[in-house]
Amino acid sequence: MQRGCHARKRILITGGAGFIGSHLCERLLGEGHDILCADNFYTGTRDNILHLLDHPHFELLRHDVTFPLFVEVDEIYNLACPASPIHYQNDPVQTTKTSVHGAINMLGLAKRLRAKILQASTSEVYGDPEMHPQQEPYWGHVNPIGPRACYDEGKRCAETLFFDYYRQHKLRIKVARIFNTYGPRMHPDDGRVVSNFIMQALQGQPITLYGDGLQTRSFCYIDDQVDALIRLMNSPDQFTGPVNLGNPTEFTILELAQHVLRLVGSDAELVFKPLPQDDPRQRCPDITLAKAALDWQPTVTLDAGLRQTIAYFRSQLTAA
Ligand code: NAD
Ligand code: UDP
Ligand code: UDP
């Protein structure tokens, strides 16, 4: 068995059958830890972790985090939550319950075990930001009653709970504000921009740009994101975050479309569709804190990451 320099830990990953979670399971198994993956398969799939099921140190539990969970672990990565606007708006009440009840249950579990717990929070806590690039002290600009609120406010409340358990119960917490992350095992139909554009380009369909395509995002490749999450979990106890984890290179959505078309070798046309309500105009992380506290910064360029992601979606289409 491959072992890292640290002792084997028992690690719970909620949402472990999802896009980010499955990569995290794989990486931590590779470091020699025991992994308990808990997922209700709302947006994740068994296929994402099929290659891990026979591993002697991997265990899969079908579980919904809105219900209590009694297991014995040393660390918890709380990733369970639908993440794409289409998925989280499909059943908005359930989305808020997953973030809030899920956080309470996982914090209760961590409290009983005195386990360290990391929350997958999001750049969405900044809403449609008036500060650019976004820094952690910024309180955000979120519409509390709009269609994105179930996710944004659910995640904000989860952050509140994490910091109240930290202050009230002296829990060891870590809060990661994850910015747009992409790579293999993204759900092809989840409506996120990277998966949409690649699937459209590969299938010769028009590329759907919402609004004028001049809104910006910054795209972090999955390997860089997983590296950051593990560094955050392993950081000294006094470092709680919140910390921005993302790639600070900013692109317009139109530029992303042009990159994808070039790499796929497609001349599909661009079509413009209405901009969804409350769609943030610009988003880019200031990662000064992550650099200083975690000695981390992304290393994978958009072109290199897109090539890997395109190869994955191409193989999925061929297998279908
Ligand atoms: P994903 O949808 O692929 O993964 C989420 C996983 O959580 C899925 O496997 C899903 O089945 C599971 N899940 C949902 N509700 C659950 C419940 N009630 N109980 C148990 N499991 C449940 O999305 P992802 O992109 O891998 O996101 C993982 C986490 O990272 C989420 O918390 C998301 O909010 C956060 N995040 C992701 C991004 C990104 O760009 N991918 C950005 C910011 C934050
Ligand atoms: N909880 C859990 N697993 C545990 C311990 C607690 O799922 O091992 C849940 C429990 O159902 C409770 C929640 O976590 O609703 C919060 O627990 P806490 O001890 O903080 O609060 P209390 O039980 O006092 O409401
Ligand atoms: N978008 C787009 N075409 C698509 C899907 C998304 O132009 O087919 C835009 C969307 O309006 C947003 C950006 O791309 O401005 C990122 O969308 P995504 O859903 O990936 O994530 P968000 O950052 O909005 O949560």
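Condition first: under 29 Å from ILE104 (Cβ atoms), over 20 Å from the mean Cα position of the chain (by Cα) and more than 14 Å from ligand 1 (Cβ to nearest atom). Can you find one or more residues in segment 208-227 that meet it? Scanning segment 208-227 turns up no residue that is under 29 Å from ILE104 (Cβ atoms), over 20 Å from the mean Cα position of the chain (by Cα) and more than 14 Å from ligand 1 (Cβ to nearest atom).
Which one is farthest from ligand 2 (Cβ to nearest atom) among residues in segment 196-229 that are within 18 Å of ARG307 (Cα to Cα) and not in a helix (DSSP H, G or I)? Here the answer is GLY204.
Conditions first: (1) without any contact (Cβ under 8 Å) to a residue 60 or more places away in the chain; (2) in contact with a helix residue (DSSP H, G or I) (Cβ under 8 Å, 6 or more places away or on another chain); (3) in a loop (DSSP other than H, G, I, E, B). GLU153 passes all but one, so which condition is the exception? The number of the failed condition is (3). Among all positions in segment 115-134, there is at least one residue which is of a type in the set (Val, Ile, Thr), in contact with a Leu (Cβ under 8 Å, 6 or more places away or on another chain) and either within 16 Å of ligand 3 (Cβ to nearest atom) or touching a residue at least 40 places away in the same chain (Cβ under 8 Å) (or both). Would you call ALA80 of a type in the set (A, V, I, L, M), modelled with pLDDT of 95 or more, crowded, with 24+ Cβ neighbours inside 10 Å and within 16 Å of ligand 2 (Cβ to nearest atom)? So ALA80 fits the description; yes. The test for being of a type in the set (Lys, Arg), away from ligand 3 (no atom under 16 Å from the Cβ) and out of contact with any strand residue (DSSP E or B) (no Cβ under 9 Å at 6 or more places or on another chain) does not hold for LYS174.
Applying the criterion of being among the aromatic types (Phe, Trp, Tyr) and assigned to a loop (DSSP other than H, G, I, E, B) to the residues of segment 44-77, the residue that is surrounded by the most Cβ atoms within 10 Å (Cβ to Cβ) is PHE67. LEU118 meets each of the listed conditions (1) among the aliphatic types (A, V, I, L, M); (2) surrounded by fewer than 23 Cβ atoms within 10 Å (Cβ to Cβ); (3) within 13 Å of ligand 1 (Cβ to nearest atom) apart from (2). Taking strands (runs of 3 or more DSSP E) as the structural unit, those lying wholly within segment 230-320 and holding at least 3 residues that are out of contact with any Asp or Glu (no Cβ under 7 Å at 6 or more places or on another chain) and surrounded by 14 or more Cβ atoms within 10 Å (Cβ to Cβ) correspond to 250-252. Considering segment 90-109, the residues that are closer than 20 Å to VAL71 by Cα and more than 12 Å from ligand 1 (Cβ to nearest atom) include one that is surrounded by the fewest Cβ atoms within 10 Å (Cβ to Cβ), namely GLY108.
The values are calculated or read from the model by the stated rules, or taken from the named source; none is laboratory data. Bear in mind that the values here come from a model prediction, so they are computed numbers and not experimental data. FYI the Cβ positions are ideal-geometry reconstructions off the backbone, even for glycines, and counts take in every protein chain you see.
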